[in-house]
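A quick write-up on the structure given underneath.
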Amino acid sequence: MLEITVDHGVTLQKDGKVILLDPTRMPKRAPSVILVSHGHSDHFSLKVLKAYPDVPKIMSRATHEIIDPNKKLKNIVYVEHGETIEVAGIEFSAYNAGHIIGSLQFSFNFDGKDFVFTGDFNLEKRLILKPAQILKGDVLIIDATYGSPRYVFPKRSDLYKEIVTVAKRFFEEGSPIIFKGRRIGTAQELVALMNASVDVLPLVEEAVARHNSVYEMHGEWLGMYAYWNGQPPDMPLPIIAGLNSRSGGKIPKCICTGWVKGKLAFPLSSHADYDQIFRYIKESNASLVIPFCGFRKELADAVSRELGIEISYADKTRI
């Protein structure tokens, strides 16, 4: 019997073969292969990856550059969108996930069943990155970060207009403003938005700029920007910084993340919202759905009730 465990990552096990997906804690069983969907720290653990130097670790080049810039990890197997590779006797196909640079979805056949692992994904057209495509499979292991109907985001175009309006208003008032977003993902989208819509050069915090270079290296041009030293600028320029940045003192701040909405807060996220997650499930043709993070039970209740598809939010599922 094939066993699927959701516990700080996802583990698939059958007859001694173990596939480990996005691990953030040491697994109970040694893996045969490890897949890393993207470079956000809640989807990998360097401790886990370093603990298995002989185990193949599948990821994109951009993901490797983000999580291991000094190239100390061993046995990295690169795969990019549209490619299929065979590792540990299993064929893995990779597809763009539309989340951050290098983010991938994976499909593979294991124990006679076609699996899809979305990682974090986004189906919406944005200024940067191509949107994910919906993959078909028997078993869908899907991100449910925003898997609650409370998290339906406005249209991207509407969010862009509102954010640009704020940037222009502060410029006209002679005040800088800091736009804060996740430093890999939303921050790069904000840099591109400022370049496309505001006729002044944005300033970018160094922690964000380091990741901008990975985007640009892989063909995602964000536009022009200057480095920000953390001090109030001489001109009323828009500043892009990470969500956790403490720089800027009393400079007004506008928060951009899916968890907020307000006068100076916009639900701009690189994740799929509830409607996108629901659409993916509906169109995937999966006979079994397993959400692996976020609002797992809430999503499971809605999918079971409205779509009649089998969905398991248990930590352990046997099929």
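The values are calculated or read from the model by the stated rules, or taken from the named source; none is laboratory data. The model shown is predicted, which means the values in this text are computed figures rather than measured ones. No Cβ is skipped: glycine too gets one built from the backbone with ideal geometry, and neighbour counts run over all protein chains shown. For the accessible areas, the whole protein counts, side chains as well, though only heavy atoms, and no ligand, DNA or RNA atoms are used. Shrake-Rupley method; radii C 1.70, N 1.55, O 1.52, S 1.80 Å.
Overview of results
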| item | result |
| --- | --- |
| So Ala265, is it at pLDDT 95 or above, surrounded by 19 or more Cβ atoms within 10 Å (Cβ to Cβ), under 21 Å from the mean Cα position of the chain (by Cα) and of a type in the set (A, V, I, L, M) | no |
| Cβ-Cβ under 7 Å pairs, at least 6 apart or on other chains, the range 60-76 side more than 13 Å from Tyr215 (Cβ to Cβ), far side among the charged types (D, E, K, R) and crowded, with 17+ Cβ neighbours inside 10 Å | Leu73/Lys57; Asn75/Lys57; Ile76/Lys57 |
| Residue in the range 73-92 that is in contact with a Lys or Arg (Cβ under 8 Å, 6 or more places away or on another chain), open to solvent by less than 10 Å² (accessible area, probe 1.4 Å) and either under 24 Å from His271 (Cα atoms) or hydroxyl-bearing (Ser, Thr, Tyr) (or both) present | no |
| Residues satisfying the stated conditions in the range 212-244, i.e. open to solvent by 20 Å² or more (accessible area, probe 1.4 Å) and part of a helix (DSSP H, G or I) | Ser213, Glu216, Met217 |
| Cross-chain or 6+ apart pairs with Cβ under 9 Å, the range 292-319 first and closer than 22 Å to Leu21 by Cα, then assigned to a strand (DSSP E or B) and open to solvent by 40 Å² or more (accessible area, probe 1.4 Å) | Ile319/Lys113 |
| Pick from the range 268-319, criterion over 21 Å from the mean Cα position of the chain (by Cα) and on the phi > 0 side of the Ramachandran plot, ranking: surrounded by the fewest Cβ atoms within 10 Å (Cβ to Cβ) | Gly308 |
| Test: residue in the range 82-92 that is under 22 Å from the mean Cα position of the chain (by Cα) and outside any strand (DSSP E or B) | yes |
| Enumeration of residues in the range 245-262 that are within 24 Å of Tyr160 (Cβ to Cβ), open to solvent by 30 Å² or more (accessible area, probe 1.4 Å) and among the polar types (S, T, N, Q) | none |
| The range 1-48, residues that are in contact with a helix residue (DSSP H, G or I) (Cβ under 7 Å, 6 or more places away or on another chain) and of a type in the set (S, T, N, Q) | Thr24, Ser37 |
| Enumeration of residues in the range 107-165 that are in a loop (DSSP other than H, G, I, E, B), closer than 30 Å to Ile319 by Cβ and over 14 Å from the mean Cα position of the chain (by Cα) | Asp111, Gly112, Gln133, Ile134, Leu135, Lys136, Gly137, Asp138, Gly147, Ser148, Pro149, Tyr151 |
